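Comments concern the structure below.
Where a number appears in this text, it was derived from the coordinates with a stated rule and is not lab data. No experiment lies behind these values; they were computed from the predicted model shown. All Cβ positions, even for glycine, are placed from backbone atoms using ideal geometry, and neighbour counts span all protein chains on display.
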Amino acid sequence: MTLTTPPAAGTTELPATATAPGTTGRSATPRHFLMCPPTYFDVVYAINPWMDLSVPVDRDRAVAQWETLKAAYESHGHRVDVIDPEPGLPDMVYAANGGTVVGGKALTARFRFPERQPEGAAYEAWFALAGAEHGLTSLGQASDDNEGEGDLLFAGDVLLAGTGFRTTRAAHEEAGRLLGVPVLTLELVDPRFYHLDTALAVLDTAGGAPTVAYYPDAFSPASQEALAERYPDAILATEADAAVLGLNAVSDGLHVFLTDRATGMHAQLREHGYVPVGIDLSELLKGGGSVKCCTLELRPAAGPTAVGHTTKEDRA
Ligand code: ARG
């Protein structure tokens, strides 16, 4: 299904160029996202280098920017569900960290830092109750440090799994086993890119190269090699684009939602037949997050028959 809806107000979508969709065969598929409004967003502790306690947060602006992102998804045909924000959890807006949902199975995160740990219960409750209405099966909470889609990016045939700052290798193994997908562990080495989704974006899970974009220097030499081998056609981001979290992007296979600041990445995406949709999320950047951090994808079971087929072994 190709979606050709106009851009929402407050977003920038530049006209298609010579490598327009259609000539490259890219097409969008409707997605289902979970988001959490930044009602209580603030920077009151610093657990990544982006968080500067001396820089004030404009919460009304954060809410307006977040609403623009949500409206952009909806105007492109995607469904957005919302989890209730909780007072005292200023980072709950970064819904990507709440869990990992693949094939209708939802594995709740276990946060590394005590400041965020109560978010685990909130997301687990959502997966168990609201998630069930959407045909999701809750697998409960991960048993080791696991920051959900911040570090675990499903790329169609493999779970790309970041480690080094937050999610552990043991958590990768557990996620792969419970979600039933092979795992490729990638080691992050630059504290600015502390979650995998700050250094790598999955663009196309239908197999159309390039499947991913990433910033090589965020990874250890061995992981750079593994990425180059697996994705020889990947888009390589510049330092300038990575440094504005231009890789913290959400793609529907055609449209790529990302910060409006990553202008070089916008151009690279267009050259490869994608349509960048620029969003201003400058307030959320103060917490160390951008578009992808605010978005958890709820991937349904492959077909109606697969729903609810989680066995006891899956949970073990
Ligand atoms: N302040 C949050 C933290 O450090 C930001 C999380 C960003 N989320 C993401 N998926 N990268 O945990």
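Residues that are closer than 20 Å to residue 253 by Cα and touching a strand residue (DSSP E or B) at 6+ places or on another chain (Cβ under 6 Å) were ranked within segment 82-103; the one that is surrounded by the fewest Cβ atoms within 10 Å (Cβ to Cβ) is 102. Counting only residues that are within 16 Å of the ligand (Cβ to nearest atom) and within 19 Å of residue 155 (Cα to Cα), segment 233-275 holds 9 of them. Filtering segment 243-287 to residues that are out of contact with any helix residue (DSSP H, G or I) (no Cβ under 7 Å at 6 or more places or on another chain), charged (D, E, K, R) and surrounded by fewer than 23 Cβ atoms within 10 Å (Cβ to Cβ) leaves 260, 261, 270, 271, 286.
Each row is one residue, and each column tells you yes or no for (1) touching a residue at least 24 places away in the same chain (Cβ under 8 Å); (2) under 17 Å from residue 202 (Cα atoms); (3) within 20 Å of the chain's Cα centre (by Cα).
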site	(1), (2), (3)
232	no, yes, no
236	no, yes, yes
242	yes, yes, yes
248	yes, yes, yes
251	yes, yes, yes
263	no, no, yes
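For segment 166-203, the candidate set comprises residues that are assigned to a loop (DSSP other than H, G, I, E, B) and touching a residue at least 60 places away in the same chain (Cβ under 8 Å); within that set, the residue that is nearest to residue 297 (Cα to Cα) is 203.
Within the option set 98, 103, being more than 16 Å from the ligand (Cβ to nearest atom) and closer than 17 Å to residue 299 by Cβ holds for one residue only, 103.
Highlighted here are the strands (runs of 3 or more DSSP E) found entirely within segment 105-161 that include at least 3 residues which are within 18 Å of the chain's Cα centre (by Cα): 105-108, 152-154.
Scanning segment 109-132 for residues that are within 15 Å of the ligand (Cβ to nearest atom), within 15 Å of residue 86 (Cβ to Cβ) and of a type outside the set (Gly, Ala, Ser) returns 111, 115, 116, 117, 118, 119, 123. Against the list (1) within 16 Å of the ligand (Cβ to nearest atom); (2) surrounded by 23 or more Cβ atoms within 10 Å (Cβ to Cβ), the condition residue 154 fails is (2). In summary, strands (runs of 3 or more DSSP E) completely within segment 27-104 and bearing 2 or more residues that are under 21 Å from residue 197 (Cβ atoms) and touching a Phe, Trp or Tyr at 6+ places or on another chain (Cβ under 6 Å) occur at 99-102.
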